[in-house]
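Notes for the one structure printed next.
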């Protein structure tokens, strides 16, 4: 068991879970709020890292939505919209389950804009 796991509380796991799952409903706003609240707290390392990961993924999803809407004029966007919707839900759920188990989750497709 690592030092990170020793200091992790069930509240930390729940906040990390929430950061990931809020992406389904609020886009990047939920994870942004959680990250901004906990980014300067050294005892909340797990929450900070997971909220930052969720935020990066939701920014990527937002950019994908912009591309899909812009390309809908040439009919490609209509194919991309349901794919983006499903991928967002699936990856948020997978990340939420991992976070609730206290495991760090990295989205396989995400721009790492927030470091």
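The criterion of being closer than 14 Å to residue 103 by Cα, under 11 Å from the mean Cα position of the chain (by Cα), part of a helix (DSSP H, G or I) and modelled with pLDDT of 90 or more does not hold for residue 58.
Yes/no matrix, rows are residues, columns are (1) modelled with pLDDT of 95 or more; (2) surrounded by 13 or more Cβ atoms within 10 Å (Cβ to Cβ); (3) in contact with a strand residue (DSSP E or B) (Cβ under 9 Å, 6 or more places away or on another chain):
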| position | (1), (2), (3) |
| --- | --- |
| 38 | no, yes, no |
| 41 | no, no, no |
| 47 | no, yes, no |
| 67 | no, yes, no |
| 71 | no, yes, no |
| 81 | no, yes, no |
| 84 | no, yes, no |
| 91 | yes, yes, no |
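Filtering the range 1-36 to residues that are surrounded by fewer than 19 Cβ atoms within 10 Å (Cβ to Cβ) and at pLDDT below 90 leaves 1, 2, 3, 4, 5, 6, 7, 9, 10, 11, 27. One residue stands out in the range 61-102 among those that are in contact with a helix residue (DSSP H, G or I) (Cβ under 9 Å, 6 or more places away or on another chain) and in a loop (DSSP other than H, G, I, E, B): the one that is farthest from residue 23 (Cα to Cα), namely 76.
The values are calculated or read from the model by the stated rules, or taken from the named source; none is laboratory data. What you see is a predicted model; the values in this text were computed from it and never measured. Every residue, glycine as well, gets a Cβ built from its backbone with ideal geometry; the counts of neighbours run over all protein chains shown.
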